Every structure is written in structure tokens, then in C-alpha cells.
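Take a look at the structure set out below.
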Amino acid sequence: MGIKLYYTTVTASRTVKSQQAEVMRILESKSILYELIDISVGGELRDEMRSKSGNPSAVPPQLFNEDQYCGDYEMFSDAVEDDTMDQFLKMA
């Protein structure tokens, strides 16, 4: 599977929860298959997400196409607004 969404099931942040839910809803509405990777199950997954994104303080949601970093929620949201989702997800 190509698209990977790093997310967390354990957060006190309403912002993170709503951003994750919106990303999932949009991907599903566009019939884009994706793999969920829950960083709350182990610190090594959080570290992997941060390392791959090149941001030591990155928080979910973060999107990748295999191991290629696509972006965070803000970048995803911009791609949705600009109708450039395929380019953002490196599917074009």
C-alpha cells in the first residue's frame, strides 16, 4: 500500500483529533486507500515519523507515500483547496 497516515489514538488535543478525522474522511471520500500507523503504540513509531518527515517536533497527522514525505495537515488542507491532491500524495 502506498499512502501511509501517521496518527495517534491517544491525544488530549482536540485539534489533532479533528485534523486526523478530516484527513481520513477526505481520503475515504476520494477512494484513496491508505495505511494507518498509530504512533501511540510505541515511541519508536513516533521517532520514525519525525525522522522521515525531517521535523523533530512533528505531530500527527503526517502523510507519506511509502517512505516519501508528503506533508502535514496544513499542507494536506492546502492541496485539497487547490485541487492538487494527486501531486501532494505523489500519485501523479
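The values are calculated or read from the model by the stated rules, or taken from the named source; none is laboratory data. Predicted, not measured: the structure shown is a model, and the values here were computed from it. All Cβ positions, even for glycine, are placed from backbone atoms using ideal geometry, and neighbour counts span all protein chains on display. The area values use the complete protein model at the heavy-atom level, side chains included, leaving out ligands, DNA and RNA. Shrake-Rupley method; radii C 1.70, N 1.55, O 1.52, S 1.80 Å.
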Within the stretch 20-92, considering only strands (runs of 3 or more DSSP E) that don't extend past its boundaries, which have at least 2 residues that are of a type in the set (D, E, K, R) and within 14 Å of Leu5 (Cβ to Cβ)? 34-38
Pairs, first within 19 Å of Glu35 (Cα to Cα) in the stretch 77-92, second open to solvent by 50 Å² or more (accessible area, probe 1.4 Å) and among the hydrophobic types (A, V, I, L, M, F, W, C), C-beta under 6 Å, six or more apart: Asp86/Ala92
Apart from one, (1) modelled with pLDDT of 95 or more; (2) surrounded by 12 or more Cβ atoms within 10 Å (Cβ to Cβ); (3) farther than 23 Å from Ala92 by Cβ all hold for Tyr34; the odd one out is (3)
Any idea how many residues of the stretch 39-65 are closer than 20 Å to Val10 by Cβ, within 12 Å of the chain's Cα centre (by Cα) and open to solvent by less than 30 Å² (accessible area, probe 1.4 Å)? 8
Return the residues of the stretch 1-19 that are open to solvent by 30 Å² or more (accessible area, probe 1.4 Å) and in contact with a helix residue (DSSP H, G or I) (Cβ under 7 Å, 6 or more places away or on another chain); say none if nothing qualifies. Tyr7, Thr9, Val10, Thr11, Gln19
Which ones in the stretch 20-31 are in contact (Cβ under 8 Å) with a residue 40 or more places away in the chain and surrounded by fewer than 15 Cβ atoms within 10 Å (Cβ to Cβ)? Lys30
In this structure, does Val80 turn out to be open to solvent by 60 Å² or more (accessible area, probe 1.4 Å) and of a type in the set (Val, Ile, Thr)? no
